[in-house]
Amino acid sequence: MTQPTLFVCALCKFPAAETGDTTGGQHLINQLASQLEDGTVNLQSVRCMAACDRACNAALSAPGKLTFIFNDLAPHQAAPDLAEFCRQYAAAGMGKVPYGLRSPAIKQATAYVLPPLVTEAVEGAIAR
Ligand code: FES
């Protein structure tokens, strides 16, 4: 199975009450990089996910798995919960992490869950 990818917007700002020496998104990426050194996911920085008013934003996806879209992630606090969710997602069939196993922060930050893309291989399996 292909390694999941966690996309995180590097340009997202800190919430109004928080500050840092970089953007909120870059701070979150830096925190995640140290917590995902085990190679569970491919951590990919992106430049704007078109949800700037819901910063920080991230998405977790893999071929044949659900796609999770997160927003309102707290740059100073979200990394441990997001890293743990990445490990749960990598281990779960189709990325279906049982709702009861998700942390409160992940439940709150989950904006959308999208079904896996239907690939030609999946279409072939369905047709048989
Ligand atoms: S700056 Fe992060 S979504 Fe636009």
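Annotation note: Cβ proximity below 7 Å between a residue of segment 34-59 that is within 7 Å of the ligand (Cβ to nearest atom) and a residue that is of a type in the set (S, T, N, Q) (sequence gap 6+ or interchain) occurs for M49/N57; A51/N57; A51/N71; N57/N71.
Within segment 1-31, the residues that satisfy the criterion of being modelled with pLDDT of 95 or more, under 22 Å from Q88 (Cα atoms) and over 12 Å from the mean Cα position of the chain (by Cα) are N30, Q31.
Considering the conditions (1) under 22 Å from L101 (Cα atoms); (2) within 16 Å of the ligand (Cβ to nearest atom); (3) more than 13 Å from the chain's Cα centre (by Cα), D72 is excluded by exactly one of them, (3).
If you go through segment 3-30 and pick out every residue that is hydroxyl-bearing (S, T, Y), more than 15 Å from the ligand (Cβ to nearest atom) and either in contact with a Lys or Arg (Cβ under 9 Å, 6 or more places away or on another chain) or not in a loop (DSSP other than H, G, I, E, B) (or both), you end up with 1.
How about segment 84-128: which of its residues are among the acidic types (D, E) and at pLDDT 95 or above?
At the first step, the residues of segment 84-128 found to be among the acidic types (D, E) are 84, 120, 123.
Hit for segment 84-128 is E84, nothing else.
I'm checking my understanding of the structure. Among residues of segment 66-116 that are among the hydroxyl-bearing types (S, T, Y) and assigned to a helix (DSSP H, G or I), which one is nearest to Q31 (Cα to Cα)? That would be Y89.
Can you find even one residue in segment 91-102 that is within 16 Å of the ligand (Cβ to nearest atom), within 23 Å of T2 (Cα to Cα) and touching a residue at least 12 places away in the same chain (Cβ under 8 Å)? Full working, then the answer.
From segment 91-102, those within 16 Å of the ligand (Cβ to nearest atom) are none; that's our starting set.
No - not one qualifying residue is present in segment 91-102.
Please determine, by comparing only the residues of segment 72-90 that are of a type in the set (D, E) and touching a residue at least 24 places away in the same chain (Cβ under 8 Å), which one is nearest to A58 (Cα to Cα). Taking the candidates together, the pick is D72. Criterion applied to F7, F85, F14 was being buried (at least 16 other Cβ atoms within 10 Å of the Cβ), in contact with a helix residue (DSSP H, G or I) (Cβ under 9 Å, 6 or more places away or on another chain), within 16 Å of V113 (Cβ to Cβ) and of a type in the set (F, W, Y), and the one residue passing it is F85.
The values are calculated or read from the model by the stated rules, or taken from the named source; none is laboratory data. Computed from a predicted model, the values in this text were never measured in an experiment. Neighbour counts are summed over all protein chains in view; Cβ atoms, including those assigned to glycine, are modelled from backbone coordinates with ideal geometry.
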